[in-house]
Amino acid sequence: MGRAKQAKPKKAKSKRGERGASSPTSPTRLRAAERQEQAIKLRRQGLSLAEVARRVGYKTHVGARKAILAGLHRRIAADADAVRAMELERCDALHRKAWEDLHAAGDGPQPDDYDDPKVYGAARSPWDRERMTAFDRIHRFQNFRAKLVGAHAPDRKEVSGPKGGPVQLSNLDVTQMTDEQLRRLAAGGDAG
C-alpha cells in the first residue's frame, strides 16, 4: 500500500514581524544603507575595493563593489524622486496661477454683445483670447503633470499589412523584380 504522509514541520515565526528585513525601515536595511554609504565614502577617498571590504566588513572585494553600486543606485533614485517632486511643485504653482488668471478674466462679455458689430465686430473678443490662452495653459500643465507621475497609458502601435490585413513576410529579391512589380509593391499591393 501507500506510505503515510509525514507532517511538514512548522516554520518558526520571525521575531521581526511579518515583513522582517523587507521593510524599508528595518534595522537590517538601515545598517546595510549605512555600510553602503561608508563604502562609497572610502572608495571616493581612493581606497581599493579590497581595502574598502576589509574596513567596512564585507567578505570580499566583490561584496564591497556590489554595496557601492547599490548605494549609488539608491542615491540616483532618491535624486530622481527629489527632482520629480520639485517639478511637481513648480507645475502645481503654475497650474494654480493659470486658474487664477482664468478666474480674474471674470464672466466676460454677455451673449448679446456678440450680436452687436459695434462691440466686437467679426473678431473674437480679447476676453475670449485670454480665456482660451488660460485654458490651453491649464491643459498643458495637466498633461505635463500626468506624464511626470506616469498616469498616461503607454502608446500602442500596431503594424498591419495592406488594407489593414496581416503583414506579409517573404524573402523578396527586389533586384529580380520588373518595374511593374516594383510599382505594385510600392503602392502597397502584392508584387505578384
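The values are calculated or read from the model by the stated rules, or taken from the named source; none is laboratory data. As the structure is a prediction and not an experimental result, all values here were calculated from the model. Positions of Cβ are backbone-derived with ideal geometry, glycine not excepted, and every protein chain shown enters the neighbour counts.
Yes/no per residue for (1) within 26 Å of residue 85 (Cβ to Cβ); (2) in contact with a Cys (Cβ under 8 Å, 6 or more places away or on another chain); (3) at pLDDT below 75:
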site: 99; (1), (2), (3): yes, no, no
site: 109; (1), (2), (3): no, no, yes
site: 118; (1), (2), (3): no, no, yes
site: 142; (1), (2), (3): yes, no, no
site: 163; (1), (2), (3): no, no, no
site: 169; (1), (2), (3): no, no, yes
site: 173; (1), (2), (3): no, no, yes
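What tally of residues in the stretch 55-75 results from selecting those that are more than 27 Å from the chain's Cα centre (by Cα) and either surrounded by fewer than 14 Cβ atoms within 10 Å (Cβ to Cβ) or at positive phi (or both)? Counting residues in the stretch 55-75 that are more than 27 Å from the chain's Cα centre (by Cα) and either surrounded by fewer than 14 Cβ atoms within 10 Å (Cβ to Cβ) or at positive phi (or both) gives 5.
May I ask you to verify whether residue 49 is among the aliphatic types (A, V, I, L, M) and either modelled with pLDDT of 90 or more or surrounded by fewer than 12 Cβ atoms within 10 Å (Cβ to Cβ) (or both)? For residue 49, the condition - among the aliphatic types (A, V, I, L, M) and either modelled with pLDDT of 90 or more or surrounded by fewer than 12 Cβ atoms within 10 Å (Cβ to Cβ) (or both) - is met.
Every test in (1) modelled with pLDDT under 75; (2) exposed (fewer than 10 other Cβ atoms within 10 Å of the Cβ); (3) part of a loop (DSSP other than H, G, I, E, B) is passed by residue 191 save one, and that test is (2). Test residue 97 against the criterion of being closer than 13 Å to residue 35 by Cβ and of a type in the set (Lys, Arg), and give yes or no. It is false that residue 97 is closer than 13 Å to residue 35 by Cβ and of a type in the set (Lys, Arg).
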